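Presented below is the structure to which this report refers.
The values are calculated or read from the model by the stated rules, or taken from the named source; none is laboratory data. Just so you know, these numbers come straight off a predicted model, no measurement behind them. In this analysis, Cβ positions are derived from the backbone assuming ideal geometry, glycine residues included, and neighbour counts consider all displayed protein chains. Protein only, heavy atoms only, side chains kept; ligands, DNA and RNA dropped before computing areas. Shrake-Rupley method; radii C 1.70, N 1.55, O 1.52, S 1.80 Å.
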Amino acid sequence: MALRVSCQGTYISLFRYLVPLAFTTVVVDIGEQFLNRSIAQGANAVHTLAAFGLAYTLTKFFMAPMEEMKQVGLVLVHDHRGRQKALGTVIGAGLLSAAFLVAIGKTKLGIWLVDDLHQVDGITGSLARQAFLYLCGLPALQGLAWVHGGVLLQWHHSALVGAASLADIGMQILTVGVLLHTSLKCFQTIAIPVLAAYAGMTTRLVFLVCGYYYYVHRRLNESKETTSEKMPSKPLTVRRILGFLWPLALVQMVQKISRPIINLFAARTAATVSSGVEAVAVLSVSYPVAHLPYGWLNDTRALAPAFQKVRRLSHFQPCVIGL
């Protein structure tokens, strides 16, 4: 009887941990719908939707390694020095990603990648390169947010991580609602989803950093008794972070590159340039909706590191397979 109660308590804890975490993934797809809605109500909607779809999906490819910083915070960051190393890694990788996005937006690389390779018209190509330039700071913000999110998950504060995602989408909705009543709607529609994305990600970052300092910061290494099992055998270094990160980042980048490839085939195989632009615009609206039912399953990877002391964690595997 005691064993049965223990198992039930374990399952309840796992679900309480997983549901807010899965919500963070669902919110991303919901938020993208609000970004698309802001474009659809502006001028030149089809060209702008296609341009933002091309730019945002490829920017997500550069953001993929930053998304895996959640795993770094969850598994490797156990002290203040480790957190500093993780943040330094994020800043370096963010600057590298920003350099690539600026190069696409300002050099001939962008003309080849957007206009020539996708065979879109000049209006769509120009708007897409402009969006690449605007989005260059987003990867670093996401990485900084997820380092702290991963540490919070390590200490089982998944509800706080889910609340940060809710604050993210709430700020996006608020920003879109405000900007749709400005002149940007008519003259610079592409700026509305970009500003909304920045507002949402900044809100998420502030929320997670505040949660980290309130709940976790003072508890890291507060005594040898509480950290002896959490401390790694060696001090955390950038080399160790990169060695841990690159396989995860590679898998994530392979997943993220699939949508830009779909956009490429949709644009190039269309009968005319205008129909290719329309196809990319339709994909920009429909893909996040199709991703909603299954995208959150990737977050089940965080169960094992967070519940590594639970002996009967393997009993939860059939539940995950069923979901």
Could you work out the relative contact order of the range 119-226, using alpha carbon pairs under 8 angstrom and six or more residues apart, expressed as a whole percent? 38 percent
How much of the accessible area of the range 131-211, probe 1.4 Å, is carbon plus sulfur, in whole percent? 79 percent
Taking a 23 Å limit on the Cα-Cα distance, which of the listed pairs Lys70/Lys256; Lys108/Lys185; Lys85/Lys256; Lys70/Lys234 fall beyond it? Lys108/Lys185; Lys85/Lys256
For the range 35-149, what is the convex hull volume of the alpha-carbon atoms per residue, in Å³? 91 Å³
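Give me the accessible area per residue for the range 134-187, probe 1.4 Å, as a whole number in Å². Could you put the intermediate results ahead of the total?
Numbers: 1930 Å² over 54 residues.
Value for the range 134-187: 36 Å² per residue.
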Taking the range 101-151 on its own, what percent of its Cα-Cα pair distances exceed 12 Å? 64 percent
Taking each pair of different alpha-carbon atoms in the range 21-79 once, compute 1/r for the pair, average those values, and report the inverse of that mean as the Kirkwood hydrodynamic radius in Å to one decimal. 13.5 Å
Among 76-83, 144-151, 177-184, the order from most to least packed when residues are scored by Cβ within 10 Å on average: 144-151, 76-83, 177-184
Per residue, how much accessible area does the range 43-120 have with a 1.4 Å probe, in Å²? 38 Å²
Between Arg240 and Leu117, how high is the FRET efficiency from 1/(1 + (r/R0)^6) when r is the Cβ-Cβ distance and R₀ = 35 Å? Nearest 0.05. 0.40
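At R0 = 25 Å, how high is the FRET efficiency between Asp79 and Val251 if r is their beta carbon distance? Nearest 0.05 is fine.
Computed FRET efficiency for Asp79 and Val251 comes out at 0.35.
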